[in-house]
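The values are calculated or read from the model by the stated rules, or taken from the named source; none is laboratory data. What you see is a predicted model; the values in this text were computed from it and never measured. Cβ atoms come from the backbone with ideal geometry, glycine included; neighbour counts cover every protein chain shown. Calculation scope for accessible area: heavy atoms of the full protein, side chains included, ligands and nucleic acids excluded. Shrake-Rupley method; radii C 1.70, N 1.55, O 1.52, S 1.80 Å.
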Amino acid sequence: MNTHSITAAAIDSFSNTDDPRLKEILGSLVKHLHAFAMDVKLTEPEWFRGIEFLTAVGQKCTDKRQEFILLSDVLGLSMLTVAMNNDQADGCTESTVFGPFYVEEAPHYEHGADISNGASGQACMVQGSVKNISGHPIPHATIDVWQADDEGFYDVQKDDLDHAQARGVLHSRADGSFNFKTIVAEAYPIPMDGPVGTMLSATQRSPWRPAHLHFMIRAEGYETLITHVFKQGDAYLQTDPVFGVRDSLIADWVTGTDGLTTLNFDFVLNAEK
Ligand code: BEZ
Ligand code: FE
């Protein structure tokens, strides 16, 4: 066995795999991992440092913290996978990363309700619609929304909080419209107290995500849309550490002469294939 024969031997070791997709994925993984090691001429101490890093990533994971997803996010793998698998028709709202802070059982709200539920931040109104590509309203779409407070924390990151804040579920009206009160989105850093944070610091990368609201919109007959709305003018739009920004998702939070801040955003869902 030598550097010229080991890659083919490792790929061949999967030749009896029954599941053809598993065989393809493992073979390709070995091919690219070996090419990477050859490309950088990986040394044994560097190999061991890599093992230590991945071990620390695993050890940082709990039922509330997924450091491996964060690693995938900052390497651009999450966004690449989203982009490859959500090639929506022109005119449909684009998808972006899910992020780690979605909660399945969020409280349900009526239109106009204040979903901030005590979260700190500047009050604002969010309104918009859910439509299909032909402009027809989609009634009763399930609209999940979640965001961080003005200190950059999601409710699930606060150990002493026993209720949901700045997250909720609404259903679009018969004309596809929706509206709710919340707090203005602000930029926040991704969790930096683990090995992924150490990696970002060592490489002088910014941990700051540009201000955004998360949405997941589901309706029968349509593909589920997982996306954000980003705040126009945010200083971190060009340096999102998870590569999630898409121009079509940037919108204005407008403050009127009455001092009220409002975000308007219309979502367009892709019909199910
Ligand atoms: C978020 O937007 O909530 C998020 C996304 C990826 C990594 C960390 C946070
Ligand atoms: Fe977020």
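Could you check how many residues of region 148-173 are touching a residue at least 12 places away in the same chain (Cβ under 8 Å), closer than 18 Å to ASP193 by Cβ and either open to solvent by 10 Å² or more (accessible area, probe 1.4 Å) or β-branched (Val, Ile, Thr) (or both)? Walk me through how you get there before you give the answer.
Of region 148-173, the ones touching a residue at least 12 places away in the same chain (Cβ under 8 Å) are 148-157, 163-173.
Still in the list and also closer than 18 Å to ASP193 by Cβ: 148, 151-154, 156-157.
Subsequent filtering for residues that are either open to solvent by 10 Å² or more (accessible area, probe 1.4 Å) or β-branched (Val, Ile, Thr) (or both) retains 151, 153, 156-157.
Residues meeting the conditions: 4.
Going through region 86-132 one residue at a time, which ones are away from ligand 2 (no atom under 16 Å from the Cβ), touching a helix residue (DSSP H, G or I) at 6+ places or on another chain (Cβ under 9 Å) and open to solvent by less than 20 Å² (accessible area, probe 1.4 Å)?
Hit for region 86-132 is THR93, nothing else.
Looking at region 221-250 only, could you name the residues that are away from ligand 1 (no atom under 16 Å from the Cβ) and either at negative phi or of a type outside the set (Gly, Ala, Ser) (or both)? Walk me through it before giving the result.
If we filter region 221-250 for residues that are away from ligand 1 (no atom under 16 Å from the Cβ), which is where we start, we get 221-224, 232-233, 235, 238, 247-248.
Correct list: TYR222, GLU223, THR224, GLN232, ALA235, GLN238, ASP247, SER248.
Yes or no: region 141-159 includes at least one residue that is of a type in the set (Lys, Arg), more than 16 Å from LEU213 (Cβ to Cβ) and part of a strand (DSSP E or B).
no
Please go through region 197-215 and pick out each residue that is open to solvent by 30 Å² or more (accessible area, probe 1.4 Å), within 15 Å of ligand 1 (Cβ to nearest atom) and over 19 Å from LYS231 (Cβ atoms). Outline the logic, then answer.
Just the residues of region 197-215 that are open to solvent by 30 Å² or more (accessible area, probe 1.4 Å), to begin with: 198-199, 201-206, 208.
Now drop any that are not within 15 Å of ligand 1 (Cβ to nearest atom), which leaves 199, 205-206, 208.
Residues satisfying the conditions are MET199, ARG205.
So TYR102 ticks every box in (1) in contact with a Phe, Trp or Tyr (Cβ under 8 Å, 6 or more places away or on another chain); (2) within 28 Å of MET192 (Cβ to Cβ); (3) not in a loop (DSSP other than H, G, I, E, B) but one. Which box is left unticked?
With respect to (1) in contact with a Phe, Trp or Tyr (Cβ under 8 Å, 6 or more places away or on another chain); (2) within 28 Å of MET192 (Cβ to Cβ); (3) not in a loop (DSSP other than H, G, I, E, B), TYR102 is out only on (3).
Being within 16 Å of LEU71 (Cβ to Cβ) and within 12 Å of ligand 2 (Cβ to nearest atom): is that true of PRO207 here? It would help to see each step written out before you state the result.
On the way: within 16 Å of LEU71 (Cβ to Cβ): yes; within 12 Å of ligand 2 (Cβ to nearest atom): no.
Spelling it out, it is not the case that PRO207 is within 16 Å of LEU71 (Cβ to Cβ) and within 12 Å of ligand 2 (Cβ to nearest atom).
With respect to ILE69, is the statement that it is under 12 Å from the mean Cα position of the chain (by Cα), among the hydrophobic types (A, V, I, L, M, F, W, C) and either surrounded by fewer than 17 Cβ atoms within 10 Å (Cβ to Cβ) or within 16 Å of ligand 2 (Cβ to nearest atom) (or both) true?
Numbers: under 12 Å from the mean Cα position of the chain (by Cα): yes; among the hydrophobic types (A, V, I, L, M, F, W, C): yes; either surrounded by fewer than 17 Cβ atoms within 10 Å (Cβ to Cβ) or within 16 Å of ligand 2 (Cβ to nearest atom) (or both): yes.
When the stated conditions are applied, ILE69 passes them.
With the structure loaded, tell me whether LEU80 is within 16 Å of ligand 1 (Cβ to nearest atom) and assigned to a helix (DSSP H, G or I) or whether it fails that test. Before you say what the answer is, go through the steps one by one.
Working: within 16 Å of ligand 1 (Cβ to nearest atom): yes; assigned to a helix (DSSP H, G or I): yes.
So LEU80 passes the test.
Please note which strands (runs of 3 or more DSSP E) are completely contained in region 165-273 and include at least 3 residues that are more than 29 Å from SER72 (Cβ to Cβ). Quick ask: steps written out before the conclusion?
Numbers: elements: 167-171, 177-183, 212-218, 225-231, 253-255, 261-269.
The strands (runs of 3 or more DSSP E) meeting that bar are 177-183, 253-255, 261-269.
Can you pull out every residue in region 219-233 that is open to solvent by 30 Å² or more (accessible area, probe 1.4 Å), more than 12 Å from the chain's Cα centre (by Cα) and not basic (Lys, Arg)? It would help to see each step written out before you state the result.
Just the residues of region 219-233 that are open to solvent by 30 Å² or more (accessible area, probe 1.4 Å), to begin with: 220-224, 226, 231-233.
Now drop any that are not more than 12 Å from the chain's Cα centre (by Cα), which leaves 220-224, 231-233.
Hits for region 219-233 are GLU220, GLY221, TYR222, GLU223, THR224, GLN232, GLY233.
Give region 174-196 a look and list any residue that's free of Cβ contacts under 8 Å to residues at least 40 places away in the same chain and more than 11 Å from ligand 1 (Cβ to nearest atom), or say none. Spell out how you get there, then give the answer.
Just the residues of region 174-196 that are free of Cβ contacts under 8 Å to residues at least 40 places away in the same chain, to begin with: 174, 189, 192-193.
The answer is ALA174, ASP193.
Taking the criterion of being within 16 Å of ligand 1 (Cβ to nearest atom) and touching a residue at least 24 places away in the same chain (Cβ under 8 Å), would at least one residue in region 124-137 satisfy it? Even if it seems obvious, please write down each step before you answer.
Going through region 124-137, the residues within 16 Å of ligand 1 (Cβ to nearest atom) turn out to be none.
No: zero hits.
Just checking, how many residues over region 244-255 are out of contact with any Leu (no Cβ under 8 Å at 6 or more places or on another chain) and surrounded by fewer than 21 Cβ atoms within 10 Å (Cβ to Cβ)?
5
Of the residues LYS31, LYS64, LYS41, which single one is within 16 Å of ligand 2 (Cβ to nearest atom) and open to solvent by 100 Å² or more (accessible area, probe 1.4 Å)? Please lay out each step first, then the result.
Details: LYS31 fails: within 16 Å of ligand 2 (Cβ to nearest atom); LYS41 fails: within 16 Å of ligand 2 (Cβ to nearest atom).
LYS64 is the lone residue from the list that is within 16 Å of ligand 2 (Cβ to nearest atom) and open to solvent by 100 Å² or more (accessible area, probe 1.4 Å).
Determine which member of the set PRO45, PRO107, PRO20 is of a type outside the set (A, V, I, L, M), more than 16 Å from ligand 1 (Cβ to nearest atom) and farther than 30 Å from ILE190 by Cα. It would help to see each step written out before you state the result.
Values: PRO45 fails: farther than 30 Å from ILE190 by Cα; PRO107 fails: farther than 30 Å from ILE190 by Cα.
Just one listed residue meets the conditions, PRO20.
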